[in-house]
Structures are given as C-alpha cells and as structure tokens.
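Asker: Before we start, here is the structure in question, set down as structure tokens.
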Amino acid sequence: MGYFGRLAFIGAAALFGGCGASSQSAFDVPTMMQGPLPMGHYARNLLYVAASSVQVFTYPHGKPIGSLGVFDSYLCSDRFGNVFVTGAEGISYVWVFSHGGSQPKATLYNPQSPGGCSVDKNSGNVAVADPDSSPMVIFPYNRKRGWRLARQYSDPDMRASLYCAYDPEGDLFLDGYNTSDSFILVELPKGSSTFTTISLDQVIHSAGSVQWDGKDLAIEDGGTSRSSEAVIYRFAIHGSYGHEVSATTLTDSAGDAQFLIHGSSVIGPLSYNYAQGIGFWRFPSGGAPVSTISTYGHPSGETLSLR
C-alpha cells in the first residue's frame, strides 16, 4: 500500500480480544482512508499507539477508532494535539498529523536516521534523536511558515541517541550510548549548540525513553540480561549532575519500548510474554498493570493527543 496504506476501521471485538518544508513531500502521499475519522472524535483525547500500524484509541476509555498505515514508528505530540510520526519503515521523514486527522498536514525531511522525538511546548520546535549517529536534529517552528529545514547537532562523546525530551524552559535532554557503548545522558541548553554530559548517581543499563514529568527528569531503564522489565527512574537535575529521587518498576512491561507518564499513570507496551498490547500502571508506585488495551502487533510506543 505504499508508505501509508489506507486507514482501516477496526472493531472493538478485534482489538479488545479477552523537520523540513512544512507542507511538501519528496513523494506523493497515498490516500490513507476513505473519509474522515468519525465525527466527535476531534474533540476527544486520543491515544496513538505504534505497533503493526499507528493505532488510535479514545483516552482514557480505550475505544478503538482506527489506524494509520504507518509502521515501526516513534511518536510524540505537541500542546495543540498535533501528532509527529518518525522512523516509519526506516524512512527519513517526520509526518505531522492534526488531532484526529487522517492524512499528514506536513511532511518534514530528516537528513539523519529517525529516532524518538519531542516538541518544545514554548517554541514548537521538534527534536528527533538519531539511533545511528551523533546525536539529533531540530526542526525550528515558525508561526507563519510552519516547520523549517532541519538543523543538525553533534556531540563527539555520543555515538547514538535514542530518545529526547524538552523541559518547560526549552532545554533538551537526550539519552543513548557513548563511544564506549555505555549509557550517556546529555543536555542541550536552550539557545546553545553545545551539549553538556549529565552524570547520574544511578546506573542505567539500557537506554530507554526520557520525559520531563513537571519537576524531574524521568528515564526508563530497559533492563538487564536477568530482567527485561522497565524501571523508570526520576532524577532531580542540578547543572551537570542528576540525583535519583524515585524508582518505579513496571511489572510485565516491555523493557525495550517507549513509556509515557500522564498524571498518576504510566502508559507503555506490555511484555511479549504477558500480552500483545498497551498497559497502564500506577505512578509512581508501579507494580502490575491495572488495565490493558489489546493491539494488532506488539507496540513500540505511544503518545497522547489531548483536547
């Protein structure tokens, strides 16, 4: 079906079994569906899940709406409900969808390998990590012209970056691996082109998703050879040092996937041995998932489009 395929509406029984030029693309984007999403969903909060396709659910009720035919994706969203899809099928583009939209409103060319993404809520700039090189790109946002051509940033100490997150001040944090293949966390301060390495007082074995939770920086440890369950550590960042303030173990979670903190919940992929779908855990207490949503294919991540 091409890069996208068509939007397919999926029944509840099937699912619940038990940055570059702002509007131009280097290829023709195929039609993704035969009509818009059902009326009324534009006003609702939506959960987007990257699995065999990007599947869309109402939030927090988990009612399935449909799916965008985009595969192997990283997801993030901005304060206006726009959803950013990177890494689809290994293609170097970032697709931007309006809240509840069926076709991209913008297609951004990414000159590097696409990884996790984050949006600065103040400027609208979109950062995209690079799992194959050092370390990322930023698409500056202009209110009149939309997202502009990507600006590339590099750090000689960083071999690859996996995930990134902006804080409320516009500082950007990225995690990944250094040239010795050990975990590394770096910060790109607002307005700077030079990265600062952040030292942590807790060992991270496997680089996972990062998120600013309102006060502290949350970093997911994807696990060790003995345990694949994810642990989310929260760090208070002071200059170039991060002090651990809490640890949340997510029982029956997939340790190599993207997690999302929203209020008193953590949303993320379930373990391959547990179920095929998304789990909801209490935060910061963790433990076993309190509810789940089944998906087609094992999810790799998710984002919320809030209204």
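Derivation of every value follows stated rules applied to the coordinates shown; laboratory data play no part. Computed from a predicted structure; not experimentally measured. Heads up, the Cβs are rebuilt from the backbone with ideal geometry, glycines too, and the neighbour counts pull from every protein chain shown.
Asker: Looking at region 160-307, send over the antiparallel percent of its DSSP beta bridges, to the nearest 5.
Answerer: Looking only at bridges with both residues in region 160-307, the antiparallel portion is about 95 percent.
Asker: If you put +1 on each Lys and Arg Cβ and -1 on each Asp and Glu Cβ, how big is the dipole of region 12-305 around its Cα centre, in Debye rounded to 20?
Answerer: That gives a dipole near 1140 debye.
Asker: What full-extension length gain, to one decimal in nm, is calculated for Ser246 and Lys144 as 0.36 nm per residue of separation minus the Cα-Cα distance?
Answerer: Length gained, Ser246 through Lys144: 32.5 nm.
Asker: Okay, moving on. What do you get for trypsin sites (Lys or Arg not before Pro) in region 209-281 restricted to DSSP loop and a cutoff of at most 15 other Cβ within 10 Å of the site's Cβ?
Answerer: Loop-located and lightly packed - Lys215, Arg226.
Asker: Another question, if that's okay. Among bridges DSSP assigns within region 12-305, what percent are antiparallel (round to 5)?
Answerer: Antiparallel: roughly 95 percent of the beta bridges in region 12-305.
Asker: Would you please classify the overall shape of region 12-305 from the alpha carbon gyration tensor, given that a ≥ b ≥ c denote the square roots of the eigenvalues, rounded means a/c under 1.5, and beyond that prolate means a/b larger than b/c while oblate covers the rest?
Answerer: Values: a/c = 1.68, a/b = 1.09, b/c = 1.54.
It is oblate, given that a/c is not under 1.5 and a/b is not larger than b/c.
Asker: Could you go through region 58-67 in sequence order and give the Karplus-derived ³J(HN,Hα) for each residue, using 6.51 cos²θ - 1.76 cosθ + 1.60 with θ = phi - 60°, rounded to whole Hz, and x for Gly and Pro?
Answerer: Rounded to whole hertz, the list is 6, 10, x, 6, x, 6, x, 10, x, 8.
Asker: For Arg307, Arg44, what ranking results if the residue with the fewest other Cβ atoms within 10 Å of its Cβ goes first?
Answerer: Arg307, Arg44
Asker: Could you quote the convex hull projected area for region 151-268, Cα atoms only and averaged over all directions, in nm²?
Answerer: For region 151-268, the mean projected area of the Cα convex hull comes to 7.4 nm².
Asker: For region 50-107, run through the chymotrypsin sites (Phe, Trp or Tyr not before Pro) and keep only the ones in DSSP coil with at most 15 other Cβ atoms within 10 Å of their Cβ.
Answerer: Phe80
Asker: When the Karplus curve 6.51 cos²θ - 1.76 cosθ + 1.60 is applied with θ = phi - 60°, which whole-Hz ³J(HN,Hα) does each residue of region 253-262 get, with x for Gly and Pro?
Answerer: Each residue's phi maps through the Karplus curve to give 9, 8, x, 10, 9, 8, 10, 9, 9, 9 Hz.
Asker: Calculate the dipole size of region 162-307 relative to its Cα centre from +1 charges on Lys and Arg beta carbons and -1 charges on Asp and Glu beta carbons; express the result in debye to the nearest 20.
Answerer: 320 debye
Asker: Just to verify a number: FRET efficiency for Lys63 and Val290, C-beta to C-beta distance, R0 = 22 Å, to 0.05?
Answerer: With R0 = 22 Å, the Cβ-Cβ based efficiency is 0.75.
Asker: May I ask you to compute the full-extension gain from Ser180 to Asp132, defined as 0.36 nm times their residue separation minus their alpha-carbon distance, rounded to one decimal in nm? The partial results should precede the final answer.
Answerer: Numbers: separation 48, 0.36 × 48 = 17.28 nm, distance 1.43 nm.
That works out to 15.8 nm of additional length.
Asker: Also: For the charge dipole of region 44-198, defined by +1 on Lys and Arg C-beta atoms and -1 on Asp and Glu C-beta atoms about the Cα centroid, which residue among Val137, Ser154, Leu108 has the Cα displaced farthest towards the positive pole?
Answerer: Selected residue: Leu108.
Asker: If we count every other residue with Cβ under 11 angstrom of Phe283's Cβ, Lys/Arg +1 and Asp/Glu -1, where does the sum land?
Answerer: Net charge in that neighbourhood comes out at +1.
Asker: Spin-label point model (7 Å from Cα, Cβ direction): what's the Arg282 to Ser123 distance in nm?
Answerer: Result: 4.0 nm between the two label points.
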